[in-house]
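The structure under discussion appears below in the form of structure tokens.
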């Protein structure tokens, strides 16, 4: 790993059959005294519909590295806000702590780093009478861990991107 100035990563973990609980976090991790730290501090200002929240495991249990979550879609109702500040917040916080336990995030750097996590919540979750919150937790937990691991490992590599330029396409690509 480098000196933790600026690392970006993303991951997608798909929902169980019949669920809309796909998770697609986009992660920035870096030093608090660098560009990620400046962006982190600027995220503290609230934007209507995109309320930022710290990742906490429980009241009075802010995770380290300090992690701020920001929804990628406008949260228009209390159901989505509660999913964001409940299930997704818990999954994100647990993923960060488990990466500390596993040594992916070095404990000695935990107070010098910060994480910004852009989080997707499919608006259909709010009205789904069969919403599986355990699946929502699973997808967000797994995707957050994977995105942070990828960020810190600088994955995919430039060589991988060049090698697969013409062999893969965007998942939503129906125009080529």
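Please treat every number below as a calculation from the coordinates, not as lab data. Please read all numbers here as calculations on a predicted model, not as lab measurements. When we count neighbours, we look across all protein chains shown, and the Cβ atoms used for this are built from the backbone with ideal geometry, even at glycine.
Please report, largest first and rounded to whole Å, the three semi-axes of the ellipsoid equivalent to the range 7-163, where each semi-axis is the square root of five times an eigenvalue of the C-alpha gyration tensor. Can you show the working numbers first?
Details: eigenvalues 117, 69, 44 Å².
Each semi-axis is the square root of five times an eigenvalue, giving 24, 19, 15 Å.
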Distance from the range 69-104 to the range 1-52 (C-alpha centre basis), Å | 10 Å
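Which peptide among 143-150, 73-80 comes first, and what is the full order, when sorted by highest mean count of other Cβ atoms within 10 Å?
Working: 143-150: 23.6, 73-80: 14.4.
Per-residue mean Cβ counts within 10 Å order the peptides as 143-150, 73-80.
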Go ahead and estimate [θ] at 222 nm for the chain from helices alone: -39,500 (n - 2.57) per DSSP H run with n ≥ 4, summed, over the residue count, rounded to 500.
-> -9000 deg cm²/dmol
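Sorted by packing (mean other beta-carbon atoms within 10 Å per residue), highest first, where do 12-18, 86-92 land?
86-92, 12-18
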Fraction of beta bridges assigned by DSSP in the chain that are antiparallel (%, nearest 5) = 70 percent
Hydrodynamic radius (Kirkwood) for the range 47-87, which is based on Cα pairs only, to one decimal in Å | 10.8 Å
Fully extended, how many nm does the chain gain between residue 78 and residue 127 (0.36 nm per residue separation, minus their Cα-Cα distance)?
-> 16.5 nm
